[in-house]
Amino acid sequence: MSSKRDAERLQLALQGSDLVLWDVDQVNGRVTVNPHGYVILGLESGGAPFTLEEWIGLIHPDDRGRVLEAAAAHHAGQTPAYETTHRLRHVQGHWIWVLSRGRVLERDAQGRPLRMSGTNLDITARVQIEEVLRERERELAQVLEHMPGLVSRVDREGRYLFASPGYERWFGRPVSDIIGRTQREVIGARRHDELKPLIARALAGEIVDYEGRVQSARGERFVVGTMVPDRDPDGRILGQFVFVTDISERKRTEEALQKALQRLLQAQKLEALGTLAAGIAHDFNNMIGGVLGHAELALHDLPPTEPAALALRQIRATGQRARAMVQQILSFSQGGTAPADVVDLRTVVDEAGAGLRVQAPAAVQLQLDLGERPCLLVGDTTQLHQVLLNLCMNAWQALPEGRGRVRVVVRGDEREVCLQVSDDGHGIDETTRERLFDPFFSTKPPGQGTGLGLAVVHGIVQAHRGRIAVRSSVDAGTSFTLHFPSAGTAAAPPARPGEEPVTPTTTNSVQGVGRHVLYVDDDDTMREVAARILERAGWRVSTCAGAAEALALLEQPGQDVALLVSDLNMPAASGLALCAAVRQRLPALPLVLSTGYLGDEQREQARRLGVREVIAKARTVEDLAAVVAQVIGADRAPGLEQGGS
């Protein structure tokens, strides 16, 4: 009775466990299974036993050889039990996975198996889940392998429990070598110390975003990262997950964009300042021209020993310094004019050397190293003098207590010509270096500098198609190296129309021949000064305050004007407009312009109108009489065409 209940309990347990019981009669080739064995195959329960051939035929062809080998090994006594995982064909055509285990229960006298029993467990759902998991693992491995950033899992002590393949690319060591090491060992002590406060926040339960730099095997990288607390099912923090993305390329692009934006803003600022400066320079040139003109005329009327003559000479010197400042503002705002002459930079520096030594403080040693071979470039001597003066003044003002050495070196080859000005002063820090060429930026106390010196240098060097390299460190001196394209052994090109050189003169060194000159300027002082200069030189002079007045005078019957000199910037109509109107009415009348600045477009327009000369407004006192004599003299020479373009 007891054994019967035990058998019933066993049967119930087998039914509840979904196990298939199978028994193989090796002698008769029959396989008997319990009812559940038919169910999992989609067959009706209680069917006839399988033949051994039918039972083997249910096994998937790809698995059959492996199953038979496992059974044969157990039959031969090579394994204590038989166990395989394989597929069986369902009656509906699909395949189910089973875990099959069994053992030989009876053998004959020769040890050959007579009977073998075992179980099959349907593991189809488990295998399918495992396949999904394997696919997810494969996908994750592919993602981690090819993602540009890093993923890692770190315990509370900072040891790597997992590291993505990117770690090998970044740090040049196998991932297997990283696992078990600390973050400090992998990313470096300095970077780890920087991240310590952020790691502490992550271990306290906070999701932390950060940005910084990491030194990798291929150099420094800009990165953004996120630290996420690693929690167990109970919420305890076991460590952290770290996700890092390389943003080096984006950072470089942003920096390049920022620099481009700064250059654009600088250009816009310079354009606005240039417009303002040009207007200011025009008015200042008129005022300074008046001061210098009256001073020069008064000096001509006084004996050199008169006390008033000394004061006038001081006024003249001050006016000339003011004129130089206006020219510096124009050079800065307009970026310099395009150079036209081939010059030897050694000669330029040598000529400027004497003046520099006079201006240098007594405790400054000025050393010139001009080299031995010619250093030719296409440049403007006056502007290059200005560059050298500004750099040298900047250098000796940087010397501690005004004492030290300033060295000027000129070198050149077939490709480029270099001018280097260096000092052994206190140097320039990084913050100052970033704003070095900003206009009106100065480290000097108020009243001791305009902040235009290096901005002017920058503008002139750019106009000469050059570049500037600055090397400096605090307390180790500064070196400015200017690189210009070499002109090789080229001869000086001819001056552009309207740029023929005029030899500077004094107001009484040129004598006119009584011919009639018409001078047009909207400024009363400039008209008065110009008239007195020309009359003193022997010319007859008429003056007009604008284009309309001048045209009216020229249209009067019997007018005998031999030359028209006009200011460029006038309120109602410009000097170019006046020249255009005169050219239509009097095509043979020689034309001269007077201006503080003439752009390339305006210069070309003047050339087309047949303008003979352009006088720098600030040099009216020195050049006006000479230009008038030159143009009228050329106009009277036989065989020369008058006026016309």
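The values are calculated or read from the model by the stated rules, or taken from the named source; none is laboratory data. What you see is a predicted model, and the numbers here were worked out from it, not measured in a lab. We place every Cβ from the backbone using ideal geometry, glycine too, and count neighbours over all the protein chains shown. Keep in mind that these areas ignore ligands, DNA and RNA; they rest on the heavy atoms of the full protein, side chains included. Shrake-Rupley method; radii C 1.70, N 1.55, O 1.52, S 1.80 Å.
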Considering each residue of segment 503-544, count those that are polar (S, T, N, Q), at pLDDT 80 or above, open to solvent by less than 40 Å² (accessible area, probe 1.4 Å) and touching a helix residue (DSSP H, G or I) at 6+ places or on another chain (Cβ under 6 Å), and give that number. 0
Residue within segment 372-388 that is at pLDDT below 85 and among the charged types (D, E, K, R) present: yes
Give the residue that is farthest from residue 425 (Cα to Cα), with candidates limited to residues of segment 386-398 that are open to solvent by 10 Å² or more (accessible area, probe 1.4 Å) and in contact with an Asp or Glu (Cβ under 8 Å, 6 or more places away or on another chain). 396
State which residue pairs qualify: first residue on the phi > 0 side of the Ramachandran plot and inside segment 599-622, second residue of a type in the set (D, E, K, R) in any location, beta carbons under 9 Å apart, and separation of 6 or more residues or different chains. 610/583
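Of these, 267, 256, 260, which one is surrounded by 11 or more Cβ atoms within 10 Å (Cβ to Cβ) and either at pLDDT 75 or above or assigned to a helix (DSSP H, G or I) (or both)?
267
Does segment 564-573 contain at least one residue that is touching a Pro at 6+ places or on another chain (Cβ under 9 Å) and either at pLDDT 90 or above or under 26 Å from residue 533 (Cα atoms) (or both)? Break it down stepwise before answering.
We begin by selecting, within segment 564-573, every residue touching a Pro at 6+ places or on another chain (Cβ under 9 Å); these are 564.
Right, trim to either at pLDDT 90 or above or under 26 Å from residue 533 (Cα atoms) (or both) and you get 564.
Yes; the residues of segment 564-573 include at least one that is touching a Pro at 6+ places or on another chain (Cβ under 9 Å) and either at pLDDT 90 or above or under 26 Å from residue 533 (Cα atoms) (or both).
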Is it the case that residue 203 is within 12 Å of residue 241 (Cα to Cα) and open to solvent by 80 Å² or more (accessible area, probe 1.4 Å)? no
Take segment 93-122 and flag every residue that is in contact with an Asp or Glu (Cβ under 9 Å, 6 or more places away or on another chain), open to solvent by less than 40 Å² (accessible area, probe 1.4 Å) and within 20 Å of residue 61 (Cβ to Cβ). 96, 98, 99, 100
Some residue of segment 31-41 being modelled with pLDDT under 95, within 27 Å of residue 131 (Cβ to Cβ) and surrounded by fewer than 17 Cβ atoms within 10 Å (Cβ to Cβ): yes
Report yes if residue 191 is in a helix (DSSP H, G or I) and under 25 Å from residue 253 (Cβ atoms), otherwise no. yes
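Residue-by-condition table, conditions (1) outside any helix (DSSP H, G or I); (2) open to solvent by 80 Å² or more (accessible area, probe 1.4 Å); (3) modelled with pLDDT of 95 or more; (4) basic (Lys, Arg):
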site	(1), (2), (3), (4)
66	no, yes, yes, yes
84	yes, no, yes, no
91	yes, yes, no, no
127	no, no, no, no
133	no, yes, no, no
138	no, yes, no, yes
So for segment 331-342 (the condition being closer than 21 Å to residue 536 by Cα and modelled with pLDDT of 75 or more), does at least one residue qualify? no
Under 28 Å from the mean Cα position of the chain (by Cα) and surrounded by fewer than 17 Cβ atoms within 10 Å (Cβ to Cβ), is that true of residue 181? no
